[in-house]
Amino acid sequence: MSDNFRYCPKCGAAALKPDSAKSVFCSACGFVYYFNVAAAVAGLIVNEKNELLVAVRGREPGKGMWDLPGGFVDAGESAEDALRREIKEELNLDVESLEYIASFPNTYHYKNVTYPTCDLAYICHVSDFSTLTARSDIETALFVAPESIDTSKFAFDSIRQFVKLFIQTKS
Ligand SMILES: [Zn+2]
């Protein structure tokens, strides 16, 4: 991570030095930058036939691969609110209630920088699918029966783990 940064974001000096495994410091102004993980959320949504809603990614990273709806948590936002917002933005669906399942670490490669994330998964209860529209960074939404899910089609390790947990509970 420290290889990605050469200039201090506070004073602009080319004086960043390793501080610890988790941080760099600027020897010119004393600024310390911590490589914090970003929080991200993912939703497991099933229809009345117990089929899982799979989102096909419309953008890199992982364009064309499978994903679960979700995304990064904004500053000042709860994980639950972030997931409700993402599901509305990506699928135009309203989540009635959420149940936390598990979290897994993940890495997100974007424009040649790898960001560490902590991904939290929730079962999301949706009763009205009539408004379902794939939009934002989602190309298509599919409903896939648990026995037909190929976890190798998912773009991210953490999402694969969440889906494996989901399949276990359904078999
Ligand atoms: Zn500085």
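The values are calculated or read from the model by the stated rules, or taken from the named source; none is laboratory data. It should be emphasised that the depicted structure is a prediction, and the values quoted were computed from it without experimental measurement. Positions of Cβ are generated from backbone atoms using ideal geometry, with glycine treated the same way; all protein chains shown enter the neighbour counts.
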Item to check | Residue identified as closer than 22 Å to residue 165 by Cα, hydroxyl-bearing (Ser, Thr, Tyr), in the same structural domain as residue 132 (by TED's automatic domain parsing) and surrounded by 14 or more Cβ atoms within 10 Å (Cβ to Cβ) among 108, 115 | outcome: 108
Checklist entry - Just wondering, is there one or more residues in the stretch 53-63 that are part of a loop (DSSP other than H, G, I, E, B), of a type in the set (A, V, I, L, M, F, W, C) and modelled with pLDDT of 95 or more? => result no
Next on the checklist: Take residue 75 and tell me if it is over 24 Å from residue 131 (Cβ atoms), of a type in the set (Gly, Ala, Ser), part of a strand (DSSP E or B) and away from the ligand (no atom under 16 Å from the Cβ).
Outcome noted: no
Next on the checklist: Could you check the stretch 26-38 and list, in sequence order, the residues that are part of a strand (DSSP E or B) and surrounded by fewer than 18 Cβ atoms within 10 Å (Cβ to Cβ)?
Outcome noted: 32, 34, 38
Checklist outcome for this item: Counted residues in the stretch 86-116 being of a type in the set (Ser, Thr, Tyr) and at pLDDT below 95 come to 5
